[in-house]
Amino acid sequence: MTNLRTLLAALCLCAVGLLPVPSFAATELVLWHAYRAEEKTALEKVVAEYNKANEAKGIKVTTLAVPYDAYADKISATVPRGKGPDLFIFAQDRLGGWIEAGNTVEPIDFFLDDATKKRFIPTTMEAMTYRGTVYGLPLNYKVVTLIYNKKLVPTPPKTSGELVTMAKKLSDAKAGRFGLAYAYGDFYYHAAVMNGFGGGVFDAKTNPTMNSPANVKSVEQVLKWKKDGILPAEPSSALITSLFNEGKAAMVFSGPWFLGEIAKDVDYGLARLPTLDENKGTPMKPWMTVEGVYVAAPSKNKEAAYDFAKFLTDAGPGKTLALEGRQSPANQAVYADPKVAADPLLKAMKDQVDVAVPMPNLAEMSMVWTPATAAMNSVLKNTATPKAALDVAQKSVAKDVAGLRKK
């Protein structure tokens with residue numbers, strides 16, 4: 001009876017404000033990312049806004065920037081063991097592998113409604129979907145586009161025919177000048193031409209298609225450009241940057257990561273990659289990488305984590321990440337903002353992504369890179385024809401994929 005009286009007295013004192021009302025345990029969410037510089041600053045600003053708005057609920061998000069080189073391995077090693085974050089941001093190329101490994105990424109179809117799905121550029125949602133299930137909300141995307149020196153190229157080419165004509169006039173191999181420079185031996189960059197010819201690395205049933213007729217044609221096309229003398233031999237990223245900054249490369253195929261390397265005195269513009277006259281005017285279709293916000297499968301705060309992911313990918317935070325973080329948000333409504341619409345970089349990336357293709361998020365994709373790179377190198381060094389080189393790549397990928405699926 002004494003305990004009951006004490007409890008009633010305490011409740012009365014709480015009611016009149018003489019004792020503090022007990023609070024519920026705070027929920028702290030940990031978010032991992034690999035951003036630096038302005039991207040990191042913009043993300044932290046958005047997180048601070050969320051924390052302020054949810055202070056009364058006792059929800060707080062803490063961010064941790066992980067060095068990019070170690071990031072993917074850190075996720076693979078810690079998240080399945082329950083030692084990682086509640087959420088993490090990463091591109092979709094590792095998604096299939098993490099899902100197949102298990103206990104890494106939480107499926108979010110249970111939380112996801114139609115209104116949220118419709119926020120996003122449709123292809124960015126495709127990138128977050130694995131075998132019919134959605135595993136993340138798309139935050140931003142990166143894509144290769146045409147970057148040109150306005151002094152040398154007043155009007156960017158719209159077709160491959162215009163590109164070659166213009167590039168030939170601006171090329172002089174002996175003087176080290178080229179109309180076009182890009183890492184054409186890198187399969188990631190080659191994908192724009194490959195997809196433009198209707199090619200790809202897997203069919204609808206995820207069987208490898210490395211040596212398809214369309215893929216062969218795409219490599220033959222790049223080989224022709226090289227023989228036309230408009231491309232430097234075996235260009236490294238350092239060489240491409242140097243040529244562009246010195247006015248010795250008029251045009252470059254690259255992405256937003258290249259812009260920070262451009263010298264301040266170079267007046268440059270961005271435009272959509274040219275269409276392919278050699279394939280009835282179809283557009284070049286670069287692979288798009290989509291950074292998603294994923295809820296970690298072992299998280300004990302999945303509902304709160306999803307709520308934050310939904311906030312982070314909304315239009316308001318997207319505007320901040322676009323204008324201050326220089327990212328290209330996946331949320332379509334962001335591009336209706338006048339400041340975003342007037343930004344040349346954001347406008348160009350949005351224009352290019354409309355014809356881009358999500359990079360496959362299959363676990364089998366990890367089997368593609370080494371054989372594909374070897375095939376491109378053999379062709380460009382004239383040690384194999386495009387068909388022969390891709391036949392070798394096909395056998396290698398098919399063997400490795402079969403081995404993976406037996407496990």
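Of the strands (runs of 3 or more DSSP E) lying entirely inside the range 80-188, those containing at least 2 residues that are farther than 29 Å from Leu321 by Cα and either more than 20 Å from the chain's Cα centre (by Cα) or outside the structural domain of Val252 (by TED's automatic domain parsing) (or both) are 178-181. Checking Leu312, Leu345, Leu321 one by one, the residue that is under 22 Å from the mean Cα position of the chain (by Cα), farther than 30 Å from Ala101 by Cα and at pLDDT 95 or above is Leu321 and no other. Annotation: Pro386 fulfils all but one of (1) in the same structural domain as Arg94 (by TED's automatic domain parsing); (2) more than 22 Å from the chain's Cα centre (by Cα); the unmet one is (1).
Among the residues making up the range 125-177, a single one is on the phi < 0 side of the Ramachandran plot, at pLDDT below 95 and of a type in the set (Lys, Arg): Lys174.
Considering only the range 226-325, give the strands (runs of 3 or more DSSP E) lying wholly within it that have at least 1 residues that are touching a residue at least 24 places away in the same chain (Cβ under 8 Å) and surrounded by 22 or more Cβ atoms within 10 Å (Cβ to Cβ).
249-254, 287-295
For the range 95-128, which residues satisfy the criterion of being without any contact (Cβ under 8 Å) to a residue 40 or more places away in the chain and among the basic types (Lys, Arg)? Matches in the range 95-128: Lys117, Lys118. So, Met365, is that one hydrophobic (A, V, I, L, M, F, W, C) and touching a His at 6+ places or on another chain (Cβ under 9 Å) or not? For Met365, the condition - hydrophobic (A, V, I, L, M, F, W, C) and touching a His at 6+ places or on another chain (Cβ under 9 Å) - is not met. Among the residues making up the range 348-375, those that are over 17 Å from the mean Cα position of the chain (by Cα) and surrounded by fewer than 20 Cβ atoms within 10 Å (Cβ to Cβ) are Thr370, Thr373, Ala374. For first residues located in the range 371-388 and in contact (Cβ under 8 Å) with a residue 24 or more places away in the chain, partners that are exposed (fewer than 15 other Cβ atoms within 10 Å of the Cβ) and lie 6+ apart or on another chain with Cβ distances below 8 Å form the pairs Leu380/Glu234. Of all the residues in the range 136-175, those that are of a type in the set (Asp, Glu) and crowded, with 23+ Cβ neighbours inside 10 Å number 0.
When we screen Thr62, Thr78 for residues that are of a type in the set (Val, Ile, Thr) and loosely packed, with under 14 Cβ neighbours inside 10 Å, the only hit is Thr62.
The values are calculated or read from the model by the stated rules, or taken from the named source; none is laboratory data. These figures come from a predicted structure and were not determined experimentally. So basically every Cβ, Gly included, is an ideal-geometry build from the backbone, and we count neighbours across all protein chains shown.
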